[in-house]
Amino acid sequence: MKSATLKPLLWSRDNAKLVPYYGDNAQDICKFISLSKGPSRKVIHYRLRNRLPLQDGEIDGRTTVLVELEAVDVGGNTSTFYMPGDHLGVYPENHRELVDGILGYYPDYNPDQVYQIYVKVNHQMDDKSNAEEKWIPNEKLAMTSLREAFTRYLDITTPPTQQLLNLFAAQASDLDRSRLKQLATDSHKYEDWKAQSYPNLLEVLREFRSLRLPAELLLTQMPALQSRFYSISSSPLVGSSSRVDLTVAVVRYVTHTGVQHYGVCSNYLNQIPIGHSVYAFIRSAPNFRLPDDRLAPIIMVGPGSGIAPFRGFWQHRSKLIQTRKEDVNKLGKMSLFFGCRSPGMQLHAKEVQKMVGEGVIRRNFIAFSRIPGQSKRYVQDCLKSESQSVYHELMHDFGCELYVQDCLKSESQSVYHELMHEKGHFYVCGDVSMAEDVCKTLKFILQDNGIDDPEVALLSLKENMRYHEDIFGITLRTAEVTKRGRSDAMTKRSLSNT
């Protein structure tokens, strides 16, 4: 039997078309077709059950909320099963104002009309006979309305790539075309432009006013809106596996040009009404699980929303103690090292206090990093000195602000003993830079307690699955990271010119 190869043609307006679709349940059909794409990905239909603030209003421009989701029509669906430490991949929706702004550039389209999207390909038989052109459904997004596409399926917030800008250039007048071509071909200018304003699609359309992008181009060439992963912040033993809690830091930041930007998924989860549908899937995290040995000490390090998976840990242990009537004092110590800017920003504070009172959390260390009139210290530093005091005594002794690193340093001996002598487990959850600092602090602790080669010791902990990391791909320190990225781009430019 002869087989055929389908080769997509280069983009042109003649190689893509939209065909109106008038079938029943069109929106639901295209929704599940698009969301379900991906290897072995079982999409779960949740509804927002509740949303609770975790701090006293917005502090320093930051908000964190507890998002409670419940699966719809679970039945025998095993895809809702999870363990503490696992992740929930959430399919977000883009900000409504952003979507409406882009739709305003397409007045000739009914934004809610569902279209089938077709692209032209070369149909080449293996026997090398003459190729013929053929229309096939667009693989990435086969059926949608413009509103659904811009809301659910297309990434309209990330700055367009240089390849996209090159396509955009052909759709603009002379002056705009020239600048778009320059950005598409000059990596230095492109990185500067991106770092300066991190423009979304609507801002690109406003910056290059002559730009008229065919809807077919966006629907076939724009990148897909990716799911966002959150550490699950609950235990399936509390309620059931059909209920999932998330600790969500709501991301908002101002670009160098003074424009307010919003994190896509965190703002979506913070704004949707109770009862709203949320589509998501469970991603197993086998390397971030509670130890099988329940006598092993557990050291949990997580500033800010990095506390998220640890809520699942203490809930799980608390429920096991209740159901099995075990003596909490005979279990391995559970220690929490948490950091935030100020007392009003403590997350899950009452629940942590309850766990401390029950003996589930044996030691609780808190580091505040933005106390007026005091210098900064890190929660990691609570691990280094010989002091066995908790946060309030540390603040009295040090007279300065604390970070997680500082708390770790102050507990150097106990951390070392629990890890190296009691075969404890060390967990860290947070952004990349914090995790690196914690890792450095732990190496300091190992060396300070007599380990000649802390690198080898840390590697051994990792190989024996006793050092666990859950690292965020993004950070709330957006301005700092943007500045660092711009600096890195400038450094690379300088090196390339030497």
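No lab work stands behind these numbers, since they all come straight from the coordinates. This structure is a prediction, so every number in the text was calculated from the model and none was measured. Please note: Cβ atoms are built from the backbone with ideal geometry, for glycine as well, and neighbour counts cover all protein chains shown.
Taking label positions 7 Å along the Cα-Cβ direction at both Val254 and Gln163, the computed distance is 3.6 nm, reported to one decimal. For the pair Lys181 and Lys443 in one chain, pulling the backbone fully straight at 0.36 nm per residue adds 89.4 nm over the alpha carbon distance.
Using 0.36 nm times the number of residues separating Val19 and Ala131, minus their current alpha carbon distance, what extension gain do you get?
37.9 nm
On the basis of the beta-carbon distance and an R0 of 35 Å, Arg324 and Ser284 show a calculated FRET efficiency of 0.90.
Over 24 Å between Cα atoms, which of Lys330/Lys440; Lys423/Lys443; Lys409/Lys462 qualify?
In this structure, Lys330/Lys440 exceed 24 Å between Cα atoms.
Computed from label points 7 Å out along Cα-Cβ, the spacing between Trp11 and Asp100 is 2.8 nm. Temperature 37 °C, viscosity 0.692 mPa s: under these conditions the Stokes-Einstein estimate for the stretch 165-323, based on its Kirkwood radius over C-alpha pairs, is 164 µm² per second.
For the stretch 120-203, just say rounded, prolate or oblate: build the C-alpha gyration tensor, square-root its eigenvalues into a ≥ b ≥ c, call rounded for a/c under 1.5, and beyond that prolate if a/b exceeds b/c, oblate if not. In terms of gyration-tensor shape, oblate. Counted by neighbouring Cβ atoms within 10 Å, the residues Lys330, Lys181, Lys409, Lys462 run from fewest to most as Lys330, Lys462, Lys181, Lys409. Residues Val352, Val278, arranged from fewest to most other Cβ atoms within 10 angstrom of their Cβ, appear as Val352, Val278.
When you filter the GluC sites (Glu not before Pro) in the stretch 130-211 for DSSP loop state and at most 16 other Cβ atoms inside 10 Å of their Cβ, you are left with Glu139. For the stretch 280-377, the set of GluC sites (Glu not before Pro) satisfying both a DSSP loop assignment and a count of at most 14 other C-beta atoms within 10 Å is given as Glu326. Fully extending the segment from Lys354 to His123 would add 76.6 nm, taking 0.36 nm per residue of separation and subtracting the current Cα-Cα distance.
A simple spin-label model places pseudo-atoms 7 Å from Cα toward Cβ; at Val72 and Ser240 they are separated by 1.7 nm.
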